[in-house]
1. Please give the FRET efficiency for Leu29 paired with Leu60, using the beta carbon to beta carbon distance and R0 = 41 Å, rounded to the nearest 0.05.
2. If each of Leu69 and Met51 carries a label point 7 Å out from its Cα toward its Cβ, how far apart are those two points in nm?
3. Just check the stretch 43-96 against the gyration tensor rule for me: Cα atoms, a ≥ b ≥ c as the square roots of the eigenvalues, rounded for a/c under 1.5, and otherwise prolate or oblate depending on whether a/b exceeds b/c.
Amino acid sequence: MPPSCCRSRPINNNEREDTSGVDDEDASLATITRQYARYAIVGIMFPVAIMLGFFGGYLLDRWFGTVPLFALIGLIFGVAAAIRNLLQTVATDDGT
């Protein structure tokens, strides 16, 4: 039987990262950096979702020759998608 340091254990996504050999300051810096990256992506996804919804509706308006009906509908769907992405990201936050 291999020594305890070499035994493999099943990976559980709910477990925190093993930082036993790392200083607390380095571990907290890594956690802060991960959180920053996660929320920076939200800052990019928010306007992109809104723009995609609006311009998709705008293209439909041009195709059907309508007033900005589809652009407004696309804008509403874009805002809804952006808010959904934001809430989903906040909900998956691990509380650290």
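1. 0.30
2. Roughly 2.8 nm, to one decimal.
3. Values: a/c = 5.38, a/b = 3.62, b/c = 1.49.
Since a/c reaches 1.5 and a/b is larger than b/c, the shape of the stretch 43-96 is classed as prolate.
The numbers here are math on the coordinates, done by the rules we state, and not lab data. Here the structure is a predicted model, which is why all the values come from computation and not from measurement. Here Cβ is always computed from backbone atoms with ideal geometry, including for glycine, and neighbour counts include all displayed protein chains.
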